[in-house]
Amino acid sequence: MNEKLNKIVSDVKEQLALIKDENSFRNLKSSVLGKKSEINDMMSSLRDLPTEERPRMGQLINETKTLLSELFNLKDEELKSVELEKKLSAETIDVTLPGINVPSGSTHLLKNVIEDFEQFFIGLGYEVKEGPEVEFDNYNFEMLNIGKDHPARAMHDTFYFNENKLLRSHTSPVQIRTMLKAKGKPIKIICPGKVYRRDDDDQYHSHQFMQIEGLVIDENITMGDLNGTLNAFIKYFFGEEKEIRLRPSYFPFTEPSVEVDVFDGEEYIEILGAGMVHPNVLEMAGYDSTKMQGFAFGIGVERLAMLKYEVDDIRRFYTNDVRFLNQFKGGRK
Ligand code: DAH
């Protein structure tokens with residue numbers, strides 16, 4: 001019996017040495033230590049031995065079993081560490097390989113221009129306001145001194161929902177909304193937003209575009225304040241060397257009115273309208289025009305962006321061609 005046990009141990013040692021994978025390891029283990037193993041049979045056959053020999057043999061078999069278990073444990077650990085080694089070497093990172101480029105979005109050029117604009121005016125103490133794009137005829141025209149039969153209406157080619165409701169054709173109605181709320185108090189706001197006109201779309205026109213409105217109302221506001229503010233802005237936005245000119249113009253809601261053109265190297269391009277708020281507008285919105293004055297301006301955002309970033313066609317802002325958009329990644333320039 002003793003010999004038999006020794007043989008089992010030496011056989012197992014030999015076989016274990018050859019084993020390289022988990023599967024054959026498990027098979028061997030169950031055939032050596034499992035229910036149908038030789039050693040188990042030997043345990044069962046103890047009862048055939050004379051009583052006085054049983055304890056010694058029983059102990060011997062148990063010791064052998066423990067020894068075998070230890071051998072299997074050792075092998076198990078060895079297999080596991082080999083497996084780990086393999087995994088580690090298979091999963092090493094080659095830092096010299098080229099990376100994977102994850103495409104990322106960025107803010108739209110028009111948004112950057114508006115933020116740039118806001119930055120400047122917030123610095124001067126202006127508040128940023130917004131108004132609805134679906135607007136009353138009353139605010140879009142009437143209270144801006146553009147009556148029903150006013151010829152200026154023709155220039156605005158407006159989208160109407162009905163007689164009283166329309167898609168705002170400019171951001172100027174926000175002036176009215178702000179004045180009605182301020183109830184005679186001073187005002188200093190800018191208002192960026194979308195506006196709509198039934199223009200035929202071409203290189204310079206789109207049925208939807210963006211404007212930024214400005215309005216300042218206080219005592220003793222003069223044309224000099226308007227001139228200084230616009231000049232400072234243009235220099236901030238385009239650089240000191242950019243040439244501008246103020247040209248007398250006409251808007252129903254300002255008197256006097258001007259248009260501001262920027263020289264692009266070849267010609268003067270109109271970028272904004274401005275003027276002193278018309279007394280009629282002030283009075284209609286509840287201000288005493290003998291005590292309070294104001295100036296206002298309205299800027300075309302796309303025009304500004306086209307000039308500064310040398311964009312040749314307004315439609316490029318809306319067609320979402322990433323080749324175009326990617327040129328302006330990374331925010332303001
Ligand atoms: N609302 C005018 C337009 O869309 C632009 C404008 C001109 C706004 C003069 C003003 C202003 O506030 O004073 O053509």
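In segment 135-285, what percent of the accessible surface is made up of carbon and sulfur (1.4 Å probe, ligands and nucleic acids excluded)? Exposed carbon and sulfur together represent 50 percent of the surface. For segment 180-221 versus segment 1-64, the spacing of their alpha-carbon centroids is 95 Å.
Would you mind telling me the share, in percent, of accessible area of segment 2-90 contributed by carbon and sulfur at probe 1.4 angstrom? Mind dumping the intermediate values first?
Working: 3320 of 6430 Å².
Carbon with sulfur: 52 percent of the solvent-accessible area.
The helix-based estimate of mean residue ellipticity at 222 nm for the chain, built from -39,500 (n - 2.57) per DSSP H run of four or more residues and divided by its residue count, is -13000 deg cm²/dmol to the nearest 500.
For segment 2-90, the ratio of Cα radius of gyration to the globular rule of thumb 2.2 N^0.38 Å stands at 1.31. The calculated FRET efficiency for the pair residue 182 and residue 159, based on their C-beta separation and a Förster distance of 22 Å, comes to about 0.15. For the pair residue 270 and residue 149 in one chain, pulling the backbone fully straight at 0.36 nm per residue adds 40.9 nm over the alpha carbon distance.
May I ask you to order 1-10, 173-182 by the average number of other C-beta atoms within 10 Å around their residues, highest value first?
Highest mean packing first, the order is 173-182, 1-10.
For an R0 of 41 angstrom, estimate the FRET efficiency from the Cβ-Cβ distance between residue 48 and residue 77 and round to the nearest 0.05. The partial results should precede the final answer.
Values: r = 38 Å, r/R0 = 0.92.
According to the calculation, E is roughly 0.60.
Peptides 280-290, 204-214 ranked from most to least packed give 204-214, 280-290, packing being the mean of other C-beta atoms within 10 angstrom over each peptide's residues. In summary, the convex hull built on the alpha carbon positions of the chain has an orientation-averaged projected area of 34.0 nm². Helix 54-90 and the long axis of the chain differ in direction by around 30°, with both axes built from C-alpha atoms.
Just list whichever of 29/87; 185/242; 4/80; 129/165; 4/29 have alpha carbons separated by over 28 Å in the model shown.
185/242; 4/80
Counting only protein heavy atoms and a 1.4 Å probe, the chain has 58 square angstrom of accessible area per residue. Protection proxy ranking of 294-300, 134-140, by the mean of other Cβ atoms within 10 Å over each peptide's residues and highest first, is 294-300, 134-140. Can you work out the PRE-style zone for residue 87? Point 7 Å along Cα to Cβ, and I want the residues of segment 17-54 with backbone N under 19 Å. Of the residues in segment 17-54, 20-26 have backbone N under 19 Å from the label point off residue 87.
The values are calculated or read from the model by the stated rules, or taken from the named source; none is laboratory data. Everything numeric here is computed off the predicted structure, so don't read it as measured data. Neighbour counts are summed over all protein chains in view; Cβ atoms, including those assigned to glycine, are modelled from backbone coordinates with ideal geometry. Areas reflect the complete protein model, heavy atoms only, side chains present, ligands, DNA and RNA absent. Shrake-Rupley method; radii C 1.70, N 1.55, O 1.52, S 1.80 Å.
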